[in-house]
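Visitor: Sharing a structure with you now.
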Amino acid sequence: MGILKHLLLWPVTGPLFLTEFAVGQIEGVVREELTDDTPVKAELLELQLQLELGRIDEDEYQRREAVLMQRLREVREWRERFGMGTSGGPVRGAAPDAGAPAPEGPTIADPHGATIELNLDWE
Amino acid sequence: MDRDLTPAPDTGTSYAEAAPADEGKYVYCIIKTPEEREFGPIGIGEDGNVVYTVRFQDLAAVVSDTPIRIYDPTRENVLAHELVNEIVMREFTVIPMSFGTIFRTKEDIVELLKSTYRAFDDVLEKMRDKIEFGLKVLWDREQVIALLEAQDEEIRRLKEEITNNAQSSTYFARMQLGRLIESALEGCANDYVVDIHESLKPVAVASRSNKPIGDRMIMNAAYLVERSREHDFDEAVKALSRKYENLLSFKYTGPWPPYNFVNIKLRLERADA
């Protein structure tokens, strides 16, 4: 719907437009939270460190890891529901998407296969 | 693909139950070998499947049979993945695959090796006889603060002032001390990291800094080292840990395959597609 029409019919269409806009915004935020696995992965790394440092025992580790794995699975399910990529699982040896963004850093790529990035810098 | 409706007992994913057993190949790494190899029944998963090679010319993927499923990155699974790479790298230069990479068929793997032959060959050559070490550095905050108080004139003065005038010491002075210590700590951490980094540079080929984990870690790095210099690198790390005894603790791991220096990007496909 054009802006002019919105202005003219604001008393009628305005509230609906705002509601739709707000719902869209919230959906975006919620979707981002549901599909982001970085916090879970960070927690997993921290948990592993606790175990390695001897702060927690194997039993506690197992128990807490199981919870995190469940959360990872949930994130994965949401990602699939929203049609986003998931890591792990089956792959095929086909060419990467032509439209895929160019990877950063030095690359050795073959148009018919996978892309391999080499990172031999000092960071 | 037809779905078998009997629930699978172990996994929380829907894929395992849909796939007949041993349908896919789990790939651990890529190596160069003129002949078929077997590495024993050490494959990922509950069954201890045999790890073997799928070859194209002199390149090979090191694989084991697996149901098509998503492996959760549990410690157990990740260690299984790493164990295979560790055993293979005793004899070969390896390009590690990301955890959880599964191909549907042997033919798919051969296709990957074939179509990416030159890139793999090139990277294997560049990575030849190079190994990775992990170095995590944690500090004892209290010890460092004690050191700062001993060394930093202003911190000491402020602290004395606060203790001497316990009654009248202002909120402001305490705030100031807190801030002073925070910024001194930050400076300290930075100095340590720079010093460690510079000490290891002469004995390594490359390095990569990862995000520190938790609040005690000030450094989480990976170093790529020539096999022939492994001993030198070792010595350099030991010297550092002696130098910073009581202040820093070093968590030193490896040798690893170059997980942090090579990244094979594959196109992902949904399992039920």
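Visitor: Give me the residue from region A:69-85 that is touching a helix residue (DSSP H, G or I) at 6+ places or on another chain (Cβ under 8 Å) and either in contact (Cβ under 8 Å) with a residue 60 or more places away in the chain or at the interface with chain B (Cβ under 9 Å from one of its Cβ atoms) (or both) and, out of that set, nearest to B:D72 (Cα to Cα).
Guide: Checked region A:69-85; the qualifying residue nearest to B:D72 (Cα to Cα) is A:L72.
Visitor: A further question on this structure: Against the condition assigned to a loop (DSSP other than H, G, I, E, B) and among the polar types (S, T, N, Q), how does B:N49 come out, does it pass?
Guide: Numbers: assigned to a loop (DSSP other than H, G, I, E, B): yes; among the polar types (S, T, N, Q): yes.
Judged against the criteria, B:N49 is a match.
Visitor: Just give me the residues in region B:44-67 being within 29 Å of A:E77 (Cα to Cα) and crowded, with 23+ Cβ neighbours inside 10 Å, in sequence order. Spell out the reasoning first.
Guide: Keep residues of region B:44-67 that are within 29 Å of A:E77 (Cα to Cα), which gives B:44-49, B:63-67.
Listed by number, the residues that qualify are B:I44, B:V63, B:S64, B:T66.
Visitor: So, B:L113, is that one open to solvent by 10 Å² or more (accessible area, probe 1.4 Å), out of contact with any Asp or Glu (no Cβ under 6 Å at 6 or more places or on another chain) and in the same structural domain as B:A61 (by TED's automatic domain parsing) or not?
Guide: Working: open to solvent by 10 Å² or more (accessible area, probe 1.4 Å): no; out of contact with any Asp or Glu (no Cβ under 6 Å at 6 or more places or on another chain): yes; in the same structural domain as B:A61 (by TED's automatic domain parsing): yes.
Against the criterion (open to solvent by 10 Å² or more (accessible area, probe 1.4 Å), out of contact with any Asp or Glu (no Cβ under 6 Å at 6 or more places or on another chain) and in the same structural domain as B:A61 (by TED's automatic domain parsing)), B:L113 does not qualify.
Visitor: In addition: Would you check if B:E86 is surrounded by fewer than 21 Cβ atoms within 10 Å (Cβ to Cβ) and touching a Pro at 6+ places or on another chain (Cβ under 9 Å)?
Guide: Values: surrounded by fewer than 21 Cβ atoms within 10 Å (Cβ to Cβ): yes; touching a Pro at 6+ places or on another chain (Cβ under 9 Å): yes.
The answer is yes for B:E86.
Visitor: Shifting gears a bit: Hey, among the residues in region B:191-217 that are closer than 16 Å to B:F250 by Cα and within 7 Å of chain A (Cβ to nearest Cβ), which one's least open to solvent (accessible area, probe 1.4 Å)?
Guide: That would be B:I213.
Visitor: Something else: Looking only at region B:98-116, count how many residues are in contact with a Phe, Trp or Tyr (Cβ under 7 Å, 6 or more places away or on another chain) and assigned to a helix (DSSP H, G or I).
Guide: The total comes to 4.
Okay, residues lined up against (1) at pLDDT below 90; (2) open to solvent by 50 Å² or more (accessible area, probe 1.4 Å); (3) more than 9 Å from chain B (Cβ to nearest Cβ):
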position	(1), (2), (3)
A:D59	no, yes, yes
A:P103	yes, no, no
A:P111	yes, yes, no
A:E123	yes, yes, no
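Visitor: Something else about it: Residues that are closer than 25 Å to B:L138 by Cα and among the aromatic types (F, W, Y): does region B:188-204 have at least one? Working first, answer last.
Guide: Keep residues of region B:188-204 that are closer than 25 Å to B:L138 by Cα, which gives B:188-204.
Going one step further and asking which of them are among the aromatic types (F, W, Y), we end up with B:192.
Yes, region B:188-204 has at least one match.
Visitor: Continuing with this model, one more query. Given the conditions (1) part of a helix (DSSP H, G or I); (2) open to solvent by 50 Å² or more (accessible area, probe 1.4 Å); (3) at pLDDT below 80, which single one is not true for A:G14?
Guide: (2)
The values are calculated or read from the model by the stated rules, or taken from the named source; none is laboratory data. What you see is a predicted model, and the numbers here were worked out from it, not measured in a lab. For neighbour counting, all protein chains shown are included, and Cβ atoms are generated from backbone atoms with ideal geometry for every residue, glycine included. Just so you know, the surface numbers come from the protein's heavy atoms only, side chains and all, with ligands and any DNA or RNA stripped out. Shrake-Rupley method; radii C 1.70, N 1.55, O 1.52, S 1.80 Å.
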